[in-house]
Every structure is written in C-alpha cells, then in structure tokens.
Amino acid sequence: MIEVELKAVWKKLGGRNVLRGMNLRVPRGQTTCIIGGSGTGKSVSLKHMVGLMQPDRGEVLIDGVDIGRFSERQLTPIRRKLGVLFQSGALINWINVFDNVALPLVELSKIKKKDIEQRVMDKLNMLGLGHASQLMPSEISGGMKKRVALARAIIWDPELILYDEPTSGLDPVIAATINRMIVDMHEKLGVTQVVVTHDMESAYTVGHTICMLYQGRVLQVGTPDEIRATENPYVRQFIEGNAEGPITGQGGGDLSKFYSDEGDDNGV
Ligand SMILES: Nc1ncnc2c1ncn2[C@@H]1O[C@H](COP(=O)(O)OP(=O)(O)OP(=O)(O)O)[C@@H](O)[C@H]1O
Ligand SMILES: [Mg+2]
C-alpha cells in the first residue's frame with residue numbers, strides 16, 4: 001500500500017495563497033480524515049496528492065518520491081494505484097452508469113470485456129446500484145450519482161483512495177453504508193485512505209487520524225479521541241459547529257500559537 005506526504009506545500013490560486021506551508025502525513029494502510037471550513041484548501045490538497053495540481057513550493061511525496069513536478073506520462077503508473085472520488089462526482093452525462101464506472105478500465109487497460117463486466121457489476125452491486133447500470137446520469141438521484149462515482153473510484157482496487165465529501169448530500173442510512181465501506185476497505189484490504197469531510201460523525205467513525213485544516217495549514221492532528229477532547233478554540237468551534245468563536249469568515253489575526261506544526265511562514 002501507498003504512503004503520501006505533503007511537505008511544506010505552498011500553492012497560490014486566484015492571486016491568493018491557498019496552501020500555506022501545509023504539512024500532512026498519510027500513513028500506509030490507515031485512514032486519515034481532513035476536516036475544516038469551506039475554502040480552507042481541502043480539495044486543493046487532494047488535487048496535489050493525485051498530481052492534478054503542482055505545488056509552487058514544497059514536496060508531494062508518494063512512497064517517498066516527489067511527484068510535484070511529474071509529467072502526465074510519469075503520473076500514469078501512479079494514477080493506476082489511486083482511486084479518487086471528486087467532490088463534484090464528475091460523471092459523464094452522455095454515457096450510462098455502467099459505462100461511467102467502466103471508463104477507467106476501458107481507457108487504461110487491456111482487460112477482456114467479460115472481466116470488465118464482472119468487475120463493474122461487482123462494484124455496482126456492492127454499492128446497491130446493480131439495478132441502475134443501464135440508466136443515464138440524468139435519470140438517477142444525487143445520492144446515486146455519488147455512489148456511481150464511488151464505484152468508479154474503486155474500480156481498480158486501488159492502493160490509495162481519496163474521497164472528497166463522500167457522505168455529503170446522502171440520506172443517513174446510505175451515509176452509514178458508505179462509512180462502513182470505508183472502514184471495510186481498511187479492515188479487509190488495508191487500503192490507505194484520505195477522507196475529506198464536514199461530517200464529524202463520519203470522521204470519528206472512519207478516521208484513525210483527523211487533521212483540521214485552517215487557512216491552508218494543518219491546525220491540529222490527532223486521533224478521534226484527541227480531537228474530541230481538543231482545547232484548541234478553533235478546532236472546538238469547528239467540531240461543535242458553533243456560530244460563535246474565533247473562526248471568522250475573513251480569517252485574520254495571529255494564529256501562530258494555535259498551529260501544532262512549525263509550518264513555514266515564508267512568503268505569507
Ligand atoms: N483552480 C482554481 N483557481 C482559483 N482559485 C481556486 C482554484 N481552486 C481552488 N481555488 C480557491 O482555493 C480555495 C480553496 O479551495 P478548496 O476547493 O480547496 O476548498 P475546500 O476546503 O475544499 O472547501 P469546500 O469545503 O467548500 O469544498 C478557495 O478559495 C477556492 O476559491
Ligand atoms: Mg472541497
């Protein structure tokens with residue numbers, strides 16, 4: 001299984017430093033949750049881990065190799081080991097559910113048609129979508145779309161799975177099923193996983209480690225118990241969902257004493 005690490009990663013987007021010296025280690029075979037407010041750079045950090053974005057500075061290490069400057073060609077063999085559930089789901093609207101899930105297999109490999117069929121139907125059945133294989137994306141609900149995207153993300157039996165908001169917009173029962181699946185991926189297959197979520201129940205259920213991102217840096221990393229017991233006022237406010245507290249829409253103020261890592265404040 002794969003190990004991932006972001007080391008002092010800086011990324012400017014739209015004229016603003018979105019990642020500001022982000023350090024995050026995702027240990028092999030474990031599930032790491034990233035929590036944090038909207039716009040703090042959670043999705044951007046996932047995009048760095050799959051080589052969709054390149055850091056301005058810092059390193060993106062996959063099994064110790066810096067992929068931060070890799071070309072598309074160099075990334076291909078690595079991407080075969082990764083499964084990504086993007087926040088938007090990103091299904092292709094003019095092909096049906098089956099073909100959407102089969103896409104990575106058809107595009108990247110020379111697997112026999114019969115084997116593709118078997119694999120796609122296995123994943124669809126696992127996610128309770130066996131009956132929907134011939135439907136078009138426009139004919140299924142939002143929660144089903146999310147599960148189709150999830151089936152596609154795991155079609156390769158990846159060594160590393162990145163989930164961006166896997167349970168948002170799902171009913172509580174389906175959300176619990178997805179959480180169970182994430183736990184199973186760890187228990188049965190030992191996959192390394194990163195789960196971006198706003199859903200604290202989900203983070204406590206699936207995460208071995210939870211890290212709270214705030215303004216492009218990791219504010220605190222801990223086990224679910226450590227995060228539950230946190231005395232960091234920013235983390236407390238977030239996990240309790242309080243309107244009152246130090247977190248403001250604009251950010252600002254001197255946060256340095258609240259960050260648990262040394263970070264890298266050059267160039268703020
Ligand atoms: N390609 C881009 N060009 C310009 N700005 C971008 C780009 N991608 C992201 N951003 C900005 O970077 C910031 C962080 O975005 P990101 O998508 O990582 O947020 P997030 O933490 O995932 O939030 P949410 O919880 O709402 O999904 C936002 O202010 C966003 O507008
Ligand atoms: Mg996001």
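The values are calculated or read from the model by the stated rules, or taken from the named source; none is laboratory data. A quick note: this is a predicted structure, and the numbers were derived from the prediction, not measured. All Cβ positions, even for glycine, are placed from backbone atoms using ideal geometry, and neighbour counts span all protein chains on display.
Filter segment 77-104 down to the residues that are within 18 Å of the chain's Cα centre (by Cα) and assigned to a helix (DSSP H, G or I) and list them by number. Spell out how you get there, then give the answer.
Our first condition is that a residue be within 18 Å of the chain's Cα centre (by Cα); within segment 77-104, this holds for 78-91.
Passing the criteria: Ile78, Arg79.
Looking at Ala175 and the list (1) in contact with a Lys or Arg (Cβ under 6 Å, 6 or more places away or on another chain); (2) over 22 Å from Leu19 (Cα atoms); (3) at pLDDT below 95, which single condition is not satisfied?
Every condition holds for Ala175 apart from (1).
In this structure, is Ile174 in the same structural domain as Thr205 (by TED's automatic domain parsing), touching a residue at least 24 places away in the same chain (Cβ under 8 Å) and within 30 Å of Gly36 (Cα to Cα)? Please lay out each step first, then the result.
On the way: in the same structural domain as Thr205 (by TED's automatic domain parsing): yes; touching a residue at least 24 places away in the same chain (Cβ under 8 Å): yes; within 30 Å of Gly36 (Cα to Cα): yes.
The answer is yes for Ile174.
Okay, residues lined up against (1) over 24 Å from Ile227 (Cβ atoms); (2) assigned by TED's automatic domain parsing to the domain that holds Ala153; (3) not in a helix (DSSP H, G or I):
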residue: Ala8; (1), (2), (3): no, no, yes
residue: Gly29; (1), (2), (3): no, no, yes
residue: Ser43; (1), (2), (3): no, no, no
residue: Glu59; (1), (2), (3): yes, no, yes
residue: Phe70; (1), (2), (3): yes, no, yes
residue: Leu75; (1), (2), (3): yes, no, no
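Scan segment 1-39 for residues that are within 15 Å of ligand 1 (Cβ to nearest atom) and closer than 23 Å to Arg79 by Cα and jot them down.
Result: Leu6, Val9, Trp10, Lys11, Leu19, Met22, Leu24, Cys33, Ile34.
Just to be sure I understand, how many residues within segment 33-62 are in contact with a Lys or Arg (Cβ under 8 Å, 6 or more places away or on another chain), within 19 Å of Lys81 (Cα to Cα) and within 16 Å of ligand 2 (Cβ to nearest atom)?
Residues that pass the stated criteria total 3.
Could you please find all residues in segment 59-113 being away from ligand 1 (no atom under 16 Å from the Cβ), modelled with pLDDT under 90 and small (Gly, Ala, Ser)?
Answer for segment 59-113, where residues must be away from ligand 1 (no atom under 16 Å from the Cβ), modelled with pLDDT under 90 and small (Gly, Ala, Ser): just Ser109.
Could you please find all residues in segment 72-93 being surrounded by fewer than 16 Cβ atoms within 10 Å (Cβ to Cβ) and free of Cβ contacts under 8 Å to residues at least 40 places away in the same chain?
Applying the first criterion (surrounded by fewer than 16 Cβ atoms within 10 Å (Cβ to Cβ)) to segment 72-93 yields 72-74, 76-77, 80, 88, 90, 92-93.
Glu72, Arg73, Gln74, Thr76, Pro77, Ser88 - these are the residues of segment 72-93 that are surrounded by fewer than 16 Cβ atoms within 10 Å (Cβ to Cβ) and free of Cβ contacts under 8 Å to residues at least 40 places away in the same chain.
Only residues that are within 20 Å of Ala102 (Cα to Cα), among the small types (Gly, Ala, Ser) and away from ligand 1 (no atom under 16 Å from the Cβ): list them for segment 148-178, please.
Those that are within 20 Å of Ala102 (Cα to Cα), among the small types (Gly, Ala, Ser) and away from ligand 1 (no atom under 16 Å from the Cβ): Ala151, Ala153.
Any idea which of Met121, Met181, Met126 is away from ligand 1 (no atom under 16 Å from the Cβ), surrounded by fewer than 22 Cβ atoms within 10 Å (Cβ to Cβ) and modelled with pLDDT of 95 or more?
Details: Met181 fails: modelled with pLDDT of 95 or more; Met126 fails: modelled with pLDDT of 95 or more.
It is Met121.
Mind checking whether some residue in segment 142-158 is under 20 Å from Val4 (Cα atoms), of a type in the set (Val, Ile, Thr) and modelled with pLDDT under 95?
The initial filter retains those residues of segment 142-158 that are under 20 Å from Val4 (Cα atoms), namely 153-154, 156-158.
Still in the list and also of a type in the set (Val, Ile, Thr): 154.
Right, trim to modelled with pLDDT under 95 and you get 154.
There is at least one residue in segment 142-158 that is under 20 Å from Val4 (Cα atoms), of a type in the set (Val, Ile, Thr) and modelled with pLDDT under 95.
So the check is Cβ under 7 Å with 6+ separation or different chains; which pairs have a first residue in segment 32-47 that's closer than 15 Å to Ser168 by Cβ and a second one that's within 8 Å of ligand 1 (Cβ to nearest atom) and among the acidic types (Asp, Glu)?
Ser43/Asp164; Leu46/Asp164
Can you confirm whether segment 8-21 contains a residue that is within 13 Å of ligand 2 (Cβ to nearest atom), closer than 19 Å to Tyr259 by Cα, crowded, with 22+ Cβ neighbours inside 10 Å and not aliphatic (A, V, I, L, M)?
No, because not a single residue in segment 8-21 is within 13 Å of ligand 2 (Cβ to nearest atom), closer than 19 Å to Tyr259 by Cα, crowded, with 22+ Cβ neighbours inside 10 Å and not aliphatic (A, V, I, L, M).
Residue check: is Lys145 away from ligand 1 (no atom under 16 Å from the Cβ) and assigned by TED's automatic domain parsing to the domain that holds Phe98? Spell out how you get there, then give the answer.
Working: away from ligand 1 (no atom under 16 Å from the Cβ): yes; assigned by TED's automatic domain parsing to the domain that holds Phe98: yes.
Yes; evaluated as a whole, the condition is true for this residue.
Table: residues versus (1) out of contact with any Cys (no Cβ under 9 Å at 6 or more places or on another chain); (2) outside any loop (DSSP other than H, G, I, E, B); (3) closer than 30 Å to Asp115 by Cα.
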site	(1), (2), (3)
Leu162	yes, yes, yes
Ser168	yes, no, no
Lys188	yes, yes, yes
Glu201	yes, yes, no
Ile210	no, yes, no
